[in-house]
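Engineer: Let me give you the structure first, and then I'll get to my questions.
The values are calculated or read from the model by the stated rules, or taken from the named source; none is laboratory data. None of the values given here were measured: they were computed from a predicted structure. With ideal geometry, Cβ positions are generated from the backbone for all residues, glycine too; neighbour counts draw on all protein chains shown. Surface accessibility is based on the protein's heavy atoms, side chains included, excluding ligands, DNA and RNA. Shrake-Rupley method; radii C 1.70, N 1.55, O 1.52, S 1.80 Å.
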Amino acid sequence: MDTTTSRDRQPAILGAADLAADPGLAAEFDAAAPRILGDLVRAGAALGWVDPPAHHEVAALLGRVTSAVRAGDGALRAAFLDRRLVGLGYWLRHARPTHRPHADLEKLAVAGAAQGHGIGRALTGALVADARSAGIEVLTLDARGDNDRALGLYRSLGFTEYGRLPAYVAVGELRYDKVFYMLDLRHHG
């Protein structure tokens with residue numbers, strides 16, 4: 001698999017099967033994903049952790065995601081520039097039988113140095129396409145209310161806000177809104 005980039009540094013957006021087929025990319029993903037997530041959390045990113053996650057915690061999470069992907073209940077995407085991981089994201093199908101047609105975009109992370117170059121947009125677009133291909137009807141997500149860049153990205157891709165819990169997210173003494181977004185794939189061709 002060619003993951004080199006063009007002159008304008010477009011990332012290669014790969015799926016779980018691509019990673020499994022290339023041991024070098026898989027090793028880079030396994031090593032870099034915890035580092036990227038940890039660095040972002042250390043810098044204050046809203047990824048669900050207050051403290052940077054331990055390597056084994058991220059490995060266990062990504063193991064669960066990979067199992068869901070194999071079962072047809074999720075999608076994982078990774079962004080590479082010159083075989084170096086610069087971003088990742090995934091969605092998981094809801095487990096409740098009454099919610100099975102729907103999925104939640106749970107994590108989207110782009111390395112700090114790679115932000116602002118369309119990598120988050122490319123990852124999200126690929127994940128939305130994966131959801132559509134998997135027959136997902138509604139793709140949801142939640143984000144911290146002060147995460148203006150992410151919320152703007154989601155809105156620009158057709159997600160709409162459907163709810164907000166004021167001062168719900170606790171980071172030490174600070175409180176942030178939890179904002180809920182959805183993309184109804186039944187109505188977005």
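Engineer: Can you tell me which residue within segment 167-189, out of those that are aliphatic (A, V, I, L, M) and within 12 Å of Leu141 (Cα to Cα), is most open to solvent (accessible area, probe 1.4 Å)?
Structural biologist: Per the stated criteria, the residue is Met182.
Engineer: Out of Pro23, Pro34, report the one residue that is at pLDDT 95 or above and either over 29 Å from Arg144 (Cβ atoms) or open to solvent by 30 Å² or more (accessible area, probe 1.4 Å) (or both).
Structural biologist: Result of the check over Pro23, Pro34: Pro23.
Engineer: Taking segment 125-166 on its own, how many of its residues are more than 14 Å from Leu92 (Cβ to Cβ), open to solvent by 30 Å² or more (accessible area, probe 1.4 Å) and in a loop (DSSP other than H, G, I, E, B)?
Structural biologist: Qualifying residue count, segment 125-166: 5.
Engineer: Still on this model: Mind telling me which of the residues Arg84, Arg77, Arg93 ends up being in contact (Cβ under 8 Å) with a residue 24 or more places away in the chain, open to solvent by 10 Å² or more (accessible area, probe 1.4 Å) and under 16 Å from Ala126 (Cβ atoms)?
Structural biologist: From the options Arg84, Arg77, Arg93, the qualifying one is Arg77.
Engineer: Quick one: which residue in Val69, Val50, Val65, Val58 is surrounded by fewer than 19 Cβ atoms within 10 Å (Cβ to Cβ) and among the β-branched types (Val, Ile, Thr)?
Structural biologist: Testing whether each residue is surrounded by fewer than 19 Cβ atoms within 10 Å (Cβ to Cβ) and among the β-branched types (Val, Ile, Thr) leaves just Val50.
Engineer: In segment 37-47, what residues are touching a helix residue (DSSP H, G or I) at 6+ places or on another chain (Cβ under 9 Å), in a helix (DSSP H, G or I) and buried (at least 17 other Cβ atoms within 10 Å of the Cβ)?
Structural biologist: Correct list: Leu37, Gly38, Leu40.
Engineer: For Ala68, state whether it is of a type in the set (Gly, Ala, Ser) and under 13 Å from the mean Cα position of the chain (by Cα).
Structural biologist: Considered against the rule, which asks whether it is of a type in the set (Gly, Ala, Ser) and under 13 Å from the mean Cα position of the chain (by Cα), Ala68 comes out as no.
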